[in-house]
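A.B. asks: Can you read through this structure? Questions will come right after.
The values are calculated or read from the model by the stated rules, or taken from the named source; none is laboratory data. This is a predicted model, so every value here is computed, not measured. Cβ placement follows ideal geometry from the backbone for every residue including glycine, while neighbour counts extend to all protein chains displayed.
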Amino acid sequence: MTKFSDLALDPRVLQAVSEAGYETPTPIQAQAIPHALQGRDVLGIAQTGTGKTASFTLPMITLLGQGRARARMPRSLVLAPTRELAAQVAENFDTYAKHTKLTKALLIGGVSFGEQDKLIDRGVDVLIATPGRLLDHFERGKLLLTGVQIMVVDEADRMLDMGFIPDIERIFQLTPFTRQTLFFSATMAPEIERITSTFLTNPAKIEVERQSSASSTIEQKLIQFTPSRKDRSFGEKRAVLRQLIKNEGEACTNAIIFCNRKMDVDVVAKSLKSHGFNAAPIHGDLEQSQRMKTLDGFRDGTLHLLVASDVAARGLDIPAVSHVFNFDVPSHPEDYVHRIGRTGRAGRLGKAVTIATPHDDKYINAIESLVKQPIPRGELPEGVDLASAGDSAPREDRKDRGGEGRGDRGGRSDSGRSGSGRSRDRNRGTREPQPHGENASMTPIPVIEAPEVEAVEAAPAPQPRRDEPRRDDRPREERRDDRPRGDRNGDRSEDRSRDRNRDEPRRDDRRDDRRRDDRRDSPVVGMGDHVPDFILRSFKIAEAPHTDEIEEEAHAVSEA
């Protein structure tokens, strides 16, 4: 069996590796380190969690043991897709290079340019950066890449997913042609193959296990269930997740819970905390200081559950993660391999549980097609209560997830009819249809006798509420009051209260009572009490004159 002492590494590096507790290299390390020490380009293909970081960090420290960096001209460059992965590489470098005098600089977003500029000006042997922040320093004239001897691209397939391929190509063109390139990726998409064929020279291709396969140390399980209603799916999934964590008991020492959307990360973390779990969110919208604080708490064990988006699917080197829960099935099958790769690292056993609904069937099929094996199915956990789970969603969560509540239907009631529409239907009478057009002029209007209406006693004139004159009409001397303002306000409030509680009914109340009595006592015939006078008159339709009479009148007029 190959050991690190057989790989011709620097003795100072071997001492640091031994102090870290490692003796036997992983397959990717055992095959990549000898080629890298020979100065060859390396193309490594392996799933996450197999030790790729040490496979390029150890030979890099050995090769850079001789020499010294110049200001603004790093001797080696490591590109990582995310801040967390870049920070992990920096931690590995500190661990393995602690017995050497090599220096490093970490260029990531969320940190001021001033501190990073100071490190670059002193000269660094290893520059670890994300592509965007590296190009920012270069365009500001603070960095030169012409002295790069070794260039490493880590998680190249993630670079492709995040749209960094144009930046990677530009950085390759800024580095010397004679550089040594170490290229690592979990998958080999056509775009990745094009880059490797363009910028790598006769690379040593190392592929550990088959492409995009899951580690054999991970126990996988798929929990499928059908929600009672579509708008209850999110709440019921949270109930299933909570019960799964409870059923694992002490075996779940810590866990990472993955969601597809940043908004769901916050909601799931808030829901878990409200049910007594020690959980915290991490995603790209959080400040870098908050993200690092959350990761540090998860590493040292003060944080039990880490709810994360795919920004944390790569680069989290926490060997002791016991469980991974996929709250959402990833839409890209490659992300499934990287998510569950956060557990079962370095030969340890791990468990990955995925929660799926019928809507996720197409994503499940794509994942099983990629890993070339079916995911074992599991049953719903015992004790989960789906009946009351759907109503436990926070108010802001219901509004954000597509507006499926009643309040998002334009203010209509369940019947879809507004209140005014129902009022019109209730007031609709059974009147006879009235004639229109020509028929209206030929049909006589019937005479309607006006009913006798009882006289209504006139309402008494409203009396003033107060017998004393208005306060504004008083003399100025009388309006003054030496008491504190609070006392005067209290008197005014008591006066208003007495006015409201008087036995005498208000004018508006008397008017409403009178209208109610009129409707109850007065019979309504036809149009009621408001029939105009001209409608009550009798009209006699004159007969049309005969043709002979018309001719006689016309003849008389002509003779006159």
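A.B. asks: In the range 121-138, how many are over 37 Å from the mean Cα position of the chain (by Cα), under 24 Å from Ile168 (Cα atoms) and not β-branched (Val, Ile, Thr)?
C.D. replies: 3
A.B. asks: Same structure again: Given the condition within 32 Å of the chain's Cα centre (by Cα), in a loop (DSSP other than H, G, I, E, B), assigned by TED's automatic domain parsing to the domain that holds Arg12 and free of Cβ contacts under 8 Å to residues at least 24 places away in the same chain, answer yes or no: does some residue in the range 101-120 qualify?
C.D. replies: Within the range 101-120, one or more residues are within 32 Å of the chain's Cα centre (by Cα), in a loop (DSSP other than H, G, I, E, B), assigned by TED's automatic domain parsing to the domain that holds Arg12 and free of Cβ contacts under 8 Å to residues at least 24 places away in the same chain.
A.B. asks: Is it the case that some residue within the range 287-300 is surrounded by 15 or more Cβ atoms within 10 Å (Cβ to Cβ) and either assigned to a loop (DSSP other than H, G, I, E, B) or on the phi > 0 side of the Ramachandran plot (or both)?
C.D. replies: No, because not a single residue in the range 287-300 is surrounded by 15 or more Cβ atoms within 10 Å (Cβ to Cβ) and either assigned to a loop (DSSP other than H, G, I, E, B) or on the phi > 0 side of the Ramachandran plot (or both).
A.B. asks: Any residue that is basic (Lys, Arg) and more than 24 Å from Gln29 (Cβ to Cβ) - is there at least one of those in the range 371-380?
C.D. replies: yes
A.B. asks: Tell me the residue from Ala320, Ala346 that is surrounded by fewer than 20 Cβ atoms within 10 Å (Cβ to Cβ), modelled with pLDDT under 85 and assigned to a helix (DSSP H, G or I), please.
C.D. replies: On the way: Ala320 fails: assigned to a helix (DSSP H, G or I).
It is Ala346.
A.B. asks: Whether any residue in the range 143-150 is among the aliphatic types (A, V, I, L, M) and without any contact (Cβ under 8 Å) to a residue 60 or more places away in the chain is what I want to check. Please lay out each step first, then the result.
C.D. replies: At the first step, the residues of the range 143-150 found to be among the aliphatic types (A, V, I, L, M) are 143-145, 148, 150.
Next cut, without any contact (Cβ under 8 Å) to a residue 60 or more places away in the chain only: none.
No, the range 143-150 has no match at all.
A.B. asks: Continuing with this model, one more query. Give the number of residues within the range 266-303 that are in contact with a Ser or Thr (Cβ under 8 Å, 6 or more places away or on another chain) and touching a residue at least 60 places away in the same chain (Cβ under 8 Å).
C.D. replies: Number satisfying all stated conditions: 1.
A.B. asks: Specify which of the listed residues (Asp154, Asp167, Asp161) is under 29 Å from the mean Cα position of the chain (by Cα), surrounded by 15 or more Cβ atoms within 10 Å (Cβ to Cβ) and over 30 Å from Gly67 (Cβ atoms).
C.D. replies: None of the others qualify; the one that does is Asp161.
A.B. asks: Among the residues of the range 239-273, how many are assigned to a helix (DSSP H, G or I) and more than 27 Å from Leu349 (Cβ to Cβ)?
C.D. replies: Of the residues in that region, 9 qualify.
A.B. asks: Additional query: When the range 182-226 is examined, which residues are found to be surrounded by fewer than 18 Cβ atoms within 10 Å (Cβ to Cβ), at pLDDT 85 or above and closer than 28 Å to Asp167 by Cα?
C.D. replies: Pro190, Glu191, Glu193, Arg194, Ser197, Thr198, Thr201, Asn202, Ala204, Lys205, Glu207
A.B. asks: Go through (1) crowded, with 23+ Cβ neighbours inside 10 Å; (2) within 31 Å of the chain's Cα centre (by Cα) for Ser76 and report which single condition fails.
C.D. replies: Result: Ser76 passes all but (2).
A.B. asks: Same structure again: Considering only residues that are of a type in the set (Ser, Thr, Tyr) and part of a loop (DSSP other than H, G, I, E, B), look in the range 170-181 and name the one that is surrounded by the most Cβ atoms within 10 Å (Cβ to Cβ).
C.D. replies: Thr175
A.B. asks: Related question: Which numbered condition trips up Val13, out of (1) of a type outside the set (Ser, Thr, Tyr); (2) closer than 30 Å to Val371 by Cα; (3) surrounded by 20 or more Cβ atoms within 10 Å (Cβ to Cβ)?
C.D. replies: (2)
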